[in-house]
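None of the figures in this text is laboratory data; all of them are computed from the coordinates on show. What you see is a predicted model; the values in this text were computed from it and never measured. No Cβ is skipped: glycine too gets one built from the backbone with ideal geometry, and neighbour counts run over all protein chains shown.
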Amino acid sequence: MTNRMPIVAGNWKMNLGPTEARDFAASILSDLVTVRGVESVLCPPAISLPAVHAVLSGTNVKLGAQNMYYEEKGAFTGEISPTMLQGLADYVILGHSERRTHFGETDDMVNRKAVAAFAHDLRPIVCVGEHLEDRDAGRTERVITSQVYGSLKGLPSNRLDELVVAYEPVWAIGTGRAATPKDAADVAGLIRALLVEMYGAVEASVIRVQYGGSVTTANAATFAAIPDIDGSLVGGASLRPDFAEIARQTLRAKKA
Ligand code: PGA
């Protein structure tokens, strides 16, 4: 048994500008607010954060950004800083595999971002995950170990209840081919063991670990039933009207 609060986050990626984002958030909100006992987080594109913030204000549904830079201000064209997000977003996704693959983010950059998130009262959802070549070559453990150590070092050990780690195998993202429950459980267990090595058993016990990669209403409960997994990071299915159903199934699975 654990008293970690389950968490389901919807990563809308590069979809829904301010008007569409506001309308979609409003359309799912009445269902989402009824799911208590799971933290639900909506992560729209940066330009739509204020519009969705206005919709969620005063509710139990949280707002997350999809990325940020680690400097507070300056000559970083196109970037968004932690100070700009502070007070607007509750969470920030960091080191998503699309950021790592298409935009060259390294573990070191992700780590600086995570440190900056803590310094600005933003809760980081830090993504790790192996590519298919890594898995096929038996390198999953090595890759996850170096990502966890590289991305998650030096965080405040007394505030780790604010940290979420998302295990997202790259080959499962947007492919309709989710990890098997056993593979997800094995890697979630590995991530927890590494965090215990880094921070100690008591400190690490409050860190939440999500699974992500082709999560839908059809498999969310299976992943949520895994003791080391506290919920899911959802891409495609978070843009559907029944997103709240994923949160509801997560709650049911955790209560069972
Ligand atoms: P997916 O994306 O649910 O569409 O596979 C997950 C993610 O990228 O976080």
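Structure data summary
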{"item": "About the Cα centre, charge dipole magnitude for the chain (Lys/Arg +1, Asp/Glu -1 at Cβ), debye", "result": "460"}
{"item": "For the range 45-120 versus the range 178-194, the gap between their alpha-carbon centres in whole angstrom", "result": "26"}
{"item": "Burial order of peptide ranges 244-255, 146-157 (average beta-carbon count within 10 Å, highest first)", "result": "244-255, 146-157"}
{"item": "Relative contact order of the range 7-255, defined on C-alpha pairs under 8 angstrom at six or more residues apart (%)", "result": "20"}
{"item": "The chain, helix-only ellipticity at 222 nm - DSSP H runs n ≥ 4, -39,500 (n - 2.57), divided by all residues, nearest 500", "result": "-12000 deg cm²/dmol"}
{"item": "Amide H within-cut-off set for residue 94, under 5 Å, with H built and near neighbours excluded", "result": "125, 126, 127"}
{"item": "Packing-based ranking, highest mean first, of 173-186, 211-224 given that Cβ atoms within 10 Å are counted", "result": "211-224, 173-186"}
{"item": "Amide H contacts under 5 Å for residue 130, placed H, 5+ residues apart", "result": "170"}
{"item": "Relative counts (whole %) of C-alpha pair distances in the range 7-255, using bins that are 5 Å wide", "result": "1, 7, 15, 19, 21, 18, 13, 5, 1, 0"}
{"item": "Positive dipole terminus of the chain, leading residue within 102, 233, 244 (C-beta point charges)", "result": "244"}
